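Report on the structure given below.
The values are calculated or read from the model by the stated rules, or taken from the named source; none is laboratory data. All figures in this text were calculated on a predicted structure; none of them were measured in a lab. What goes into the accessible areas is simple: the full protein's heavy atoms, side chains included, and nothing from ligands, DNA or RNA. Shrake-Rupley method; radii C 1.70, N 1.55, O 1.52, S 1.80 Å.
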Amino acid sequence: MRDRDIESALQRLGNLCSYLQADDDLREVLESDGRLVVDTWTGLAAATGQDDPGGLLPLLDAVDAAGRAAGLDGVTYTTREYRPGPFPPGPREVTGWRCPHRVACGRVELSTDQGVERRCMLTGDAMTWASVSSG
């Protein structure tokens, strides 16, 4: 698997994790009528603990196929547009929660409150608190 494919797969995994966090019914919708089997979830969770995420793409494709069958578009994809923010000059700090796994999916939940813990929606593992400073 090429680095670009790995990066894409990890981004898609992060998108899925975020969508599962935001929508309590999404997993049930994807599984309804046998659209997505439990083994897909098990495979995705197992891939987060491995050094080689090569098996992610077919699993993520299966999730997207189940989404399309349920009338949902882009379950692991997102479209984003860059717009520069109105930030004042000088150093800034960003804090929040990030994916805790060896093969990190790229999910980040920005927050200033460490008391509101986030969890991976595939494994249930607590996300890791992170802080990044620009200066």
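Heavy-atom accessible surface of the chain, averaged per residue, reaches 63 Å², computed with a 1.4 Å probe. Roughly how tilted is helix 3-22, in degrees to the nearest 10 and between 0 and 90, from the longest Cα axis of the chain? Approximately 90 degrees, to the nearest ten. Here the accessible area is traced with a 1.4 Å probe on the protein chains. For the chain, carbon and sulfur cover 49 percent of it. Taking a ≥ b ≥ c as the square roots of the eigenvalues of the alpha-carbon gyration tensor, the range 90-135 is classed oblate because a/c is 1.5 or more while a/b is no larger than b/c. Applying 0.36 nm per residue to the separation of Gln114 and Tyr77 and subtracting their alpha-carbon distance, the gain on full extension is 10.5 nm. Taking only Cα atoms, what is the 0 to 90° angle, nearest 10, from helix 38-47's long axis to the longest principal axis of the chain? The angle comes out at about 40 degrees.
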